[in-house]
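Here the structure is laid out as structure tokens; the discussion comes afterwards.
No lab work stands behind these numbers, since they all come straight from the coordinates. Not measured: the values here are computed from a predicted model. Note: ideal-geometry Cβ built from the backbone for every residue, glycine included; neighbour counts use all protein chains shown.
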Amino acid sequence: MVKNELYHHGILGQKWGVRRFQNKDGTLTNEGQKRYERDKLENAGKKKDNRIDVSQPDPNRWVKEDLTRRQNVVNTTSKLVDEFGKIEKETRPKATTTKMDLSKMSDKEMRERINRELLEQQYNKLFSEVSPADVSKGRKYTQAILETAGTVLTLTSSALAIALSIKELKG
């Protein structure tokens with residue numbers, strides 16, 4: 001006769017998916033320590049002493065924060081435009097054909113060269129994944145968007161810088 005026994009290899013009363021954050025002696029585990037630090041930071045922001053006083057707003061601080069945010073956006077956008085320019089230069093088709101002295105070539109050599117170029121062009125048209133016309137349309141569209149965004153951001157940041165300068169001169 002087989003005796004049925006029930007074995008339990010967990011912590012009594014603990015639910016599935018719930019972690020233990022304390023040892024039996026009351027000290028925190030590594031996970032418990034991380035959680036405690038996280039909760040301490042979250043609760044510090046909720047305390048009354050740590051709140052920002054909005055009864056007396058400081059427009060200069062807000063302008064400075066907006067200015068730094070806009071400058072970061074402008075810098076990021078200009079980096080993107082620069083990277084886009086580099087990618088465009090790298091992907092631009094390079095002139096592989098060099099002008100040769102035709103007087104030194106025989107008719108047979110010229111025909112072979114022309115046939116080879118025509119075959120390469122036909123092969124590229126047949127087996128290319130995206131047509132070059134579509135790539136250039138996308139490239140032009142992306143470039144126009146990035147240039148417009150860069151211009152708008154530059155003007156906005158310039159206007160904010162002027163406004164901040166005027167406030168500092170008045171104050």
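Could you give each residue of region 70-82 its phi-based ³J(HN,Hα) in whole Hz, using Karplus coefficients 6.51, -1.76, 1.60 with θ = phi - 60°, and x for Gly or Pro?
Values, residue by residue: 5, 4, 4, 5, 5, 4, 5, 5, 5, 5, 4, 5, 4 Hz.
Please compare each pair in Lys64/Lys170; Lys79/Lys167; Lys64/Lys167; Lys89/Lys137 to a cut-off of 19 Å on the Cα-Cα distance and tell me which ones are over it. Intermediate values should be presented prior to the final figure.
Working: Lys64/Lys170 15 Å; Lys79/Lys167 30 Å; Lys64/Lys167 11 Å; Lys89/Lys137 16 Å.
In this structure, Lys79/Lys167 exceed 19 Å between Cα atoms.
Sum up the charges of everything whose Cβ sits under 13 Å from the Cβ of Leu160, counting Lys and Arg as +1 and Asp and Glu as -1, but leave Leu160 out.
Working: positive: Lys64, Arg69, Arg70, Lys167; negative: Glu65, Asp66, Glu168.
Net charge around Leu160: +1.
Name the residues whose placed amide hydrogens come within less than 5 Å of the amide hydrogen of Met105, ignoring near sequence neighbours (fewer than 5 apart) on the same chain.
Amide H neighbours of Met105, under 5 Å, 5+ apart: none.
If packing is taken as the mean number of other Cβ atoms within 10 Å per residue, what is the order of 102-110, 144-152, highest first? Mind dumping the intermediate values first?
Working: 102-110: 8.9, 144-152: 12.7.
My ranking of the peptides, most packed first, is 144-152, 102-110.
Please give, to one decimal in nm, the separation of the simple spin-label points placed at Glu129 and Ala44, each 7 Å out from Cα toward the Cβ.
4.9
Apply the Karplus curve 6.51 cos²θ - 1.76 cosθ + 1.60, θ = phi - 60°, to the phi angles in region 112-128 and return the couplings in whole Hz, x for Gly and Pro.
4, 5, 5, 4, 4, 4, 5, 5, 5, 5, 4, 4, 5, 5, 6, 10, 7
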